[in-house]
1. Against the definition (modelled with pLDDT of 90 or more, closer than 30 Å to A:A397 by Cα and aromatic (F, W, Y)), how does A:Y116 come out, yes or no?
2. Give A:T431, A:T427 a once-over and let me know the one that is among the β-branched types (V, I, T) and buried (at least 16 other Cβ atoms within 10 Å of the Cβ).
3. Checking the conditions here, which among A:E354, A:E428 is in a helix (DSSP H, G or I), more than 30 Å from A:T96 (Cα to Cα), acidic (D, E) and outside the structural domain of A:E219 (by TED's automatic domain parsing)?
4. Looking at the stretch A:336-357, can you tell me whether even one residue there is surrounded by fewer than 18 Cβ atoms within 10 Å (Cβ to Cβ), aliphatic (A, V, I, L, M) and more than 14 Å from chain B (Cβ to nearest Cβ)?
5. Can you pull out every residue in the stretch B:60-83 that is within 14 Å of chain A (Cβ to nearest Cβ), modelled with pLDDT of 90 or more and either over 21 Å from B:L115 (Cβ atoms) or part of a loop (DSSP other than H, G, I, E, B) (or both)?
6. Give me a count of the residues in the stretch A:115-146 that are assigned to a helix (DSSP H, G or I) and over 20 Å from the mean Cα position of the chain (by Cα).
7. State whether the residues of the stretch B:13-24 include one that is in contact with a Gly (Cβ under 7 Å, 6 or more places away or on another chain), part of a loop (DSSP other than H, G, I, E, B) and among the hydrophobic types (A, V, I, L, M, F, W, C).
8. Looking only at the stretch A:243-266, count how many residues are surrounded by 20 or more Cβ atoms within 10 Å (Cβ to Cβ), touching a His at 6+ places or on another chain (Cβ under 9 Å) and either β-branched (V, I, T) or closer than 30 Å to B:V66 by Cβ (or both).
Amino acid sequence: MRYLPNTPQNQRAMLDTIGVRTVEDLLTRIPAKARLSRPLALLPALAESDLIRHMRSLAARDADADTFTCFLGGGAYDHYVPSPINHMVLRGEYLTAYTPYQPEASQGTLRTIYEYQTMIAELTGMDVANASIYDGASSLAEAVLMAHAINGRHELALAGGVNPLYRRVVETYVDGPGLKLRDVPSPEGVLDRDAARRVVGGKTAALVVQSPNFYGCLEDVAAAAELAHAAGALLVVVSDPVNLGVLEAPGRQGADIVVGEGQGLGVPLSFGGPYLGVFAAKNEFVRRMPGRLVGATVDLDGSRGFALTLQTREQHIRRAKATSNICTNVALCALMATIYMATLGQRGLVRVGELSMAKAHYAAERLTAVPGVSLRFAQPFFKEFTLKLPKSPERVAAKLARQSILAGLPLKTLDRKLGDCLLVAVTEKRTREEIDAFADALAKAVA
Amino acid sequence: MSNVPADLKYTREHEWAKQDGARIRVGITAFAQEQLGDVVFVELPKVGARLTAKQAFGVVESVKAVSDLFAPVSGEVVEANGELGQKPEIVNQDPYGKGWMLVITPANAKELDQLLTAAQYEEFLAQGGH
């Protein structure tokens, strides 16, 4: 990127060109009472070395996953980020805020996106994946709009186990087109099928389930698919792709659209983003799928090449009738995921899943051995589970944070019925010592 | 100037309609397919779907654009050209023949009379066609 200076000489030349004496003259049309009458209250400029020291002291006040033992989940997970990822994404060919899509200039970039799409399609068991959406929540919102576009129906059924923050984003997205959100309760931690049958009907565009769901429980995706399809509705599944080395692909259980947060695939936690919206669908729906799509083709000489495809769905061509208002993506995060999947390979991804699952089950065993602590739901879980505590989860979490342990997510603010619950996530990074220390600290905190 | 057969009726959105006994056959005009370029995909309603005149009933996609298809008359779809699913290029090759899209049983036979005649459509094209 070129550095564009703005010297006093540059400013003088610009002002002379447009025939104005000072920059201030450009602002005279703004009423005086709407203008700031004093200089902005900014601290004086710091020397670079002082600034670095200042920023480091601010950063030291953060609780990050390097200095704390992280059992926080709820949508973002402390999986290991292999070192080739940083090495590769910081290269000048890739590190840009804007993704170059011109096929004549960007075969390398297009090829990484194509490989990303291919691996996501394989992992999710779907025919086609796009080049990504902003994050898991916006992927889900786009998926329900897509379901509505496919079958023209106006209602959506959301299982109680869908991430409540995703639900809020969906609520915002469907407000404009006037779609109706209907919640299906999950009192036992998974979709209540009788309740679902009462909600899912001839007006339902899609049933949405998340598995493992927000509480960590595994849903019966195949049963949900059958229920949705019997009513002529689509099944949208929210899935964490890093789990799919072990868990069955949603596409092989009847999902029509699979979305999810891809952060676990080598994207750092970064205090909440940027993350990676995974989006995959059946081939028959490809023309209703939002987002960019890279395809493989051959050039005039018969050599393999890559180019954006099906752009006629997108807003720069189809304007108001485009499949989505967002036809961009998070290519750098998708690149991290691509390198992650390629680095780990099939066996590595299975290993990450197996270790996370085994350690989560060990942790659940140790933590529920603490008097008064129990699993809130009697359901199979994968790497995350909901604990019921005998004392305020907020206070317990605060106590453990003072011992550099991020104990998990207190659920009160997200689900009032679970005010005594703490959501605990365990990845392959956690050690037996860390889990044992967590159990000991928890025992003291609730005693 | 594009081919505009005299025995058809036309819309300003470049669909043609042809009386076929009690039914009406529908497609897009030679001008439309020339403007679109190579057609790569046609999405049509299912048999039994009810259409309303001037409302979109499907889409035609070319390498450079996607356009809505508008119903010339109201009625029920009794046939849809399934061959276009595999060979959308027929729309370019034979827009008034094998490239037909739907056969409709009209709800109101008089609606056909309200469409443009070949002469009116040719004049419309001569003025720019939009």
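1. Details: modelled with pLDDT of 90 or more: yes; closer than 30 Å to A:A397 by Cα: no; aromatic (F, W, Y): yes.
Here the answer is no, as A:Y116 does not meet what is asked.
2. On the way: A:T431 fails: buried (at least 16 other Cβ atoms within 10 Å of the Cβ).
Exactly one of A:T431, A:T427 is among the β-branched types (V, I, T) and buried (at least 16 other Cβ atoms within 10 Å of the Cβ), namely A:T427.
3. Numbers: A:E428 fails: in a helix (DSSP H, G or I).
Matching residue, one of A:E354, A:E428: A:E354.
4. If we filter the stretch A:336-357 for residues that are surrounded by fewer than 18 Cβ atoms within 10 Å (Cβ to Cβ), which is where we start, we get A:342-343, A:345-348, A:350-351, A:354.
Next, only the ones that are aliphatic (A, V, I, L, M) stay: A:342, A:350.
Then drop every residue that is not more than 14 Å from chain B (Cβ to nearest Cβ), which leaves A:342, A:350.
Yes, the conditions are met somewhere in the stretch A:336-357.
5. B:E61, B:S62
6. At the first step, the residues of the stretch A:115-146 found to be assigned to a helix (DSSP H, G or I) are A:115-124, A:136-146.
Subset that is over 20 Å from the mean Cα position of the chain (by Cα): none.
Selection size over the stretch A:115-146: 0.
7. no
8. Total satisfying the criteria: 1.
The values are calculated or read from the model by the stated rules, or taken from the named source; none is laboratory data. Fair warning: this is a prediction, and the values are worked out from it, not measured in the lab. Backbone-built Cβ (ideal geometry, glycine too); neighbour counts: all protein chains shown.
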